[in-house]
1. What do you reckon, how do Val82, Val43, Val122 stack up by accessible area (1.4 Å probe), largest on top?
2. Sort out for me the Cα centre separation of region 66-133 from region 262-301, rounded to whole Å.
3. Please tell me which of these pairs span more than 31 angstrom C-alpha to C-alpha: Lys21/Lys224; Lys77/Lys186; Lys90/Lys251; Lys21/Lys291; Lys39/Lys186; Lys39/Lys251?
4. Full extension from Glu156 to Asp267: what is 0.36 nm times the residue separation minus their Cα-Cα distance, to one decimal in nm?
5. Which residue, Pro266, Pro138, Pro191, has the most motion in a Gaussian network model of the chain that connects Cα atoms within less than 10 Å?
6. What accessible area per residue comes out for region 4-161, rounded to a whole number of Å², with a 1.4 Å probe?
7. Find the centroid of the Cα atoms in region 214-257 and in region 16-58, then give the distance between the two in whole Å.
8. Working from Cα positions, state the angle (0 to 90°, nearest 10) between the long axis of helix 33-47 and the longest principal axis of the chain.
Amino acid sequence: MQTQNQFLFTDAQRNVTVYIKREDAIHPIVSGNKYRKLKYNLVEARAQGNAALLTFGGAFSNHIAATAYAGKEAGLKTIGVVRGEELSEKIEHNPTLTFAVSCGMQLHFVTRAQYRQKNDAVFLDGLAKKFGDYYLLPEGGTNALAVKGCEEILTESDAAFDFICCAVGTGGTLSGIINSALPHQKVLGFPALKGDFLKDEIRIFAQSMSWELIPDYHFGGYGKVSTELISFLNGFSADYRILLDPVYTGKMVFGVMDMISKGYFPDYAKILLIHTGGLQGIQGMNIRLEKDKLPIINTHV
Ligand SMILES: *Cc1c(COP(=O)(O)O)cnc(C)c1O
């Protein structure tokens with residue numbers, strides 16, 4: 001599947017041109033990279049004869065929502081192991097979990113300590129005893145088949161771009177982009193969370209060296225936002241009629257704009273932003289913002 005590149009602007013000072021790849025248009029829920037990451041895993045789950053998908057996620061996880069929907073479409077049972085026992089009593093206040101349940105996903109709430117065992121063989125065996133055999137999708141959905149799916153984000157028609165910019169969670173999506181980028185292209189990853197471990201993760205899957213992480217735009221950590229970021233998202237959607245999610249793509253686009261204004265990119269550079277979707281998370285973020293009496297993300301574009 002090939003998605004459209006939409007022209008945004010050429011800046012007057014440096015003649016830097018920016019386009020955005022509308023991976024968010026793949027599907028309203030299973031949008032962007034989560035669709036790409038699930039594609040070959042669904043094929044493999046069927047080939048292995050598994051009737052169920054089991055995965056992990058937090059309260060507003062795009063991956064939980066995408067797995068629930070994709071499993072329903074594919075006729076596979078889905079089990080979501082969710083971080084935070086206290087959430088089990090508040091499903092109806094959480095749009096992501098409500099959606100997952102409406103797709104037939106069985107939710108299993110665990111404490112934060114239990115959740116940290118998500119890669120532990122004994123813990124995973126225990127889940128098989130409870131739920132039966134399953135096909136395991138790791139947290140965030142990243143494995144070799146997910147990276148393979150993300151290698152299909154860039155296509156031949158993207159050859160003219162000099163820089164490809166993408167948000168980073170686990171690094172699976174960035175790895176796929178790195179593997180399909182051309183030798184003259186530089187891939188910039190914008191981590192949505194703090195920490196140094198991502199480089200090692202990406203090196204497991206990435207087959208080239210032409211990439212760099214820009215660690216300056218996580219806004220305090222995963223899921224953290226500021227009023228400056230929210231007003232940037234609202235300005236962007238007013239200007240271009242494109243919604244950005246506040247956890248990933250919004251921070252990346254903010255970062256690229258800031259770097260353009262600071263002269264990071266050479267004159268006449270052609271930049272492609274990857275819109276990795278995640279728009280289902282806006283509603284949950286707005287509930288949090290309203291609770292804190294902060295400005296919310298405008299969803300009417
Ligand atoms: C999960 C997600 C990412 C990060 O993808 P990784 O492969 O984990 O790095 C980026 N953007 C959106 C919208 C996401 O949901």
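1. So, going from the largest accessible area down, we get Val122, Val43, Val82.
2. 27
3. Lys77/Lys186; Lys21/Lys291
4. Details: separation 111, 0.36 × 111 = 39.96 nm, distance 2.36 nm.
Here the answer is 37.6 nm.
5. Pro266
6. Accessible surface, normalised per residue, equals 45 Å².
7. 22
8. For 33-47 against the chain, the angle is about 40 degrees.
The values are calculated or read from the model by the stated rules, or taken from the named source; none is laboratory data. As the structure is a prediction and not an experimental result, all values here were calculated from the model. Counting neighbours? That spans all protein chains shown, and the Cβs are built from the backbone with ideal geometry, glycine included. Heads up: the accessible areas ignore ligands, DNA and RNA and are worked out on the full protein's heavy atoms, side chains in. Shrake-Rupley method; radii C 1.70, N 1.55, O 1.52, S 1.80 Å.
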